[in-house]
Amino acid sequence: MSDIGDWFKSIPFVTRYWFAGSILVPLIGKLGLISPMYLVLWPENFFHKFQIWRPITSTLYFPVGPGTGFLYLVNLYFLYQYSSRLETGAFDGRPADYVFMLLFNWLCIVITGLMMDMQLLMIPLIMSVLYVWAQLNRETVVSFWFGTRFKACYLPWVILGFNYIIGGSVVNELIGNLVGHLYFFLMFKYPMDLGGRSFLSTPELLYRFLPNRRGGVSGFGAPPSRRPAAPEAGGGGGGGRGRHAWGAGFRLGDD
């Protein structure tokens, strides 16, 4: 148990609470402590019955059962891996900026969910974070099924296309990718690469509660410095740092 506790404490601060909530809320629904009907996003209940907790619980809740348990674990893996990498990479030392990114993505996904009558929002938010990581680490080589390798910038779309081929839903992944792209474009692409104005900035209130820590790797509003891609050595030599073993493809997007 001490090993599990040490591992949990080693998870980055913001990711740790998101990860814990994504375990606790489905467990509460599974045990029947609170009916899952009160955890999903229903627009009529949100607007007319003032059940304002639903946008939050629908982002953390996932219906765990014999047919969805493995999918749920895969989503937890994505959450842990890519949220941790973002928080300790491009947003290292800047928890307020990372929380702002999550809040912006979450708000966009909630608005979309209310418009499209979506009940579960866990996958879109995770995919939006994965998309931002993929864009900020676009030269990193990732692995897919059967040893297929490609640059990280294609990973969100490979997951979406793979789901479509095997007959799964792609709506959740698509919404997550589009929201992630919106954040990346407004925060990085438009003001820095295209010379436009900055539309997004972290509120001072977040900095008061989550002050920057010394030692962050990149300043606010700036992606991590992009080093020129090293020439690829044939035969898979010592380029391990630039490769990420993503693992087998899984179906995402099933409600």
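How many of the residues making up the range 37-63 are buried (at least 17 other Cβ atoms within 10 Å of the Cβ) and of a type outside the set (Gly, Ala, Ser)? So the count comes out to 13. Does Gly67 fit the bill of being open to solvent by less than 20 Å² (accessible area, probe 1.4 Å) and either out of contact with any helix residue (DSSP H, G or I) (no Cβ under 6 Å at 6 or more places or on another chain) or basic (Lys, Arg) (or both)? So Gly67 fails the test. Just checking, does the range 116-132 include any residue being in contact with a Gly (Cβ under 8 Å, 6 or more places away or on another chain) and surrounded by fewer than 17 Cβ atoms within 10 Å (Cβ to Cβ)? No, the range 116-132 contains no residue that is in contact with a Gly (Cβ under 8 Å, 6 or more places away or on another chain) and surrounded by fewer than 17 Cβ atoms within 10 Å (Cβ to Cβ). Cβ separations smaller than 7 Å between residues 6+ apart or across chains give the following pairs from the range 185-209 residues that are free of Cβ contacts under 8 Å to residues at least 60 places away in the same chain to residues that are open to solvent by 100 Å² or more (accessible area, probe 1.4 Å): Leu186/Phe199; Pro191/Arg197. On inspection, Trp18 passes the criterion of being surrounded by 12 or more Cβ atoms within 10 Å (Cβ to Cβ), touching a residue at least 24 places away in the same chain (Cβ under 8 Å), under 19 Å from Leu107 (Cα atoms) and touching a Leu at 6+ places or on another chain (Cβ under 7 Å).
Applying the criterion of being assigned to a helix (DSSP H, G or I) and free of Cβ contacts under 8 Å to residues at least 40 places away in the same chain to the residues of the range 57-76, the residue that is farthest from Leu31 (Cα to Cα) is Leu73. Would you say Val142 is assigned to a helix (DSSP H, G or I) and crowded, with 18+ Cβ neighbours inside 10 Å? No. Restricting to the range 91-140, name every residue that is touching an Asp or Glu at 6+ places or on another chain (Cβ under 9 Å), closer than 19 Å to Tyr77 by Cβ and in contact (Cβ under 8 Å) with a residue 60 or more places away in the chain. Those that are touching an Asp or Glu at 6+ places or on another chain (Cβ under 9 Å), closer than 19 Å to Tyr77 by Cβ and in contact (Cβ under 8 Å) with a residue 60 or more places away in the chain: Leu120, Ile123, Met127.
If you go through the range 21-42 and keep only what is farther than 19 Å from Pro66 by Cβ and within 21 Å of the chain's Cα centre (by Cα), you end up with Gly21, Ser22, Leu24, Val25, Leu39, Val40, Leu41.
From the list Gly147, Gly113, the one residue that fits, being among the small types (Gly, Ala, Ser) and open to solvent by 40 Å² or more (accessible area, probe 1.4 Å), is Gly147. If you go through the range 63-76 and pick out every residue that is within 24 Å of Lys9 (Cβ to Cβ) and modelled with pLDDT of 90 or more, you end up with 1. All of (1) part of a helix (DSSP H, G or I); (2) modelled with pLDDT under 95; (3) farther than 23 Å from Tyr17 by Cβ hold for His181 with one exception: (2).
The values are calculated or read from the model by the stated rules, or taken from the named source; none is laboratory data. This structure is a prediction, so every number in the text was calculated from the model and none was measured. Virtual Cβ from ideal backbone geometry, glycine too; neighbours counted across all protein chains shown. Please note that ligands, DNA and RNA were not included when accessible areas were found on the heavy atoms of the full protein model with its side chains. Shrake-Rupley method; radii C 1.70, N 1.55, O 1.52, S 1.80 Å.
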